[in-house]
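Here is the structure we will look at.
Computed from the coordinates by the stated procedures, all read-outs in this text should not be read as laboratory data. Since the model is a prediction, treat every value here as computed from it, not as a measurement. Here the Cβ positions follow ideal geometry from the backbone for every residue, glycine too, while neighbour counts run over all protein chains shown.
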Amino acid sequence: MPDFVIHGVEHVYDAFDEYEHPNPINVRVAETSLATALDRAPRLLQEVVDKKRVGFRSSGMFVAQLIRVEDDAGHLLFQDLTAINGLLRSYGGDLEDYRDVGSRAVFVSYAHLDEDFATRLWDALSTRGVRLWLDSRDRDTEVALLRFGPWDSDDRTKKVLGRAIGRAHGLLLLLSENSVGRPWVRWEVDFAARAGRDRHLFLACLAIESGVLTEPPDWVRGVIDSGNVHDFRDWRDPSAFESAVRRLMYEVFLFREA
């Protein structure tokens, strides 16, 4: 039986019903099935919260919520996006992203000319509980862009992208003739590769065009040589796209669908 790490958040409400920034919590469950871990998760997380609050005087409420379950290697096995999608709240007059606490995203590096595929992938993986950081779909992107640097500078953009990649679970490179020629895509992949040396962060290629793997540039070859390449060249065919998504979920996220 495998070990699982159960991740959650502690919600804090005071007597005046003012909401504080949620606190991340986790607990390890040894040698059990995923179904059993999920069944026990809410109680175990609440026990962690209650133990933390022993002797703490307050008229408020401290409520635990299950967010995700991972294996020892950090692979996502379950994720509840119910309370994460689109949740931006105000703490102390500043806008914060609750999702940064609740869920690690997977960054999507792509050329905007391939946005049809990117949004289709976003829809398919989101319904399976995987949160993607896709600039055209992320509500916090515009807010984040307003926080950093001058309005039209590369430095500002790098801060936003670096922040997103730095908090990500991994990076999916949508590999096409469009993307291999984009300097920003190369910068994102290089940044993720550097970040991955310090912590668990996977890089995977999704090939969406025939021929793009024949003579890739050197900066792409390193990712391809890792063997983590997934064939989405027939993505316009609904059946082929669905099959490729299922393989991606199984091989990258270790997600086993019924």
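Scanning the stretch 178-195 for residues that are charged (D, E, K, R) and either closer than 21 Å to residue 122 by Cβ or touching a Phe, Trp or Tyr at 6+ places or on another chain (Cβ under 6 Å) (or both) gives 182, 186, 188. In the stretch 196-235, of all residues being in contact with a Phe, Trp or Tyr (Cβ under 9 Å, 6 or more places away or on another chain) and without any contact (Cβ under 8 Å) to a residue 12 or more places away in the chain, the one that is farthest from residue 76 (Cα to Cα) corresponds to 234. The residues of the stretch 108-117 that are over 14 Å from residue 248 (Cβ atoms) and not in a loop (DSSP other than H, G, I, E, B), listed by number, are 109, 112, 113, 114, 115, 116.
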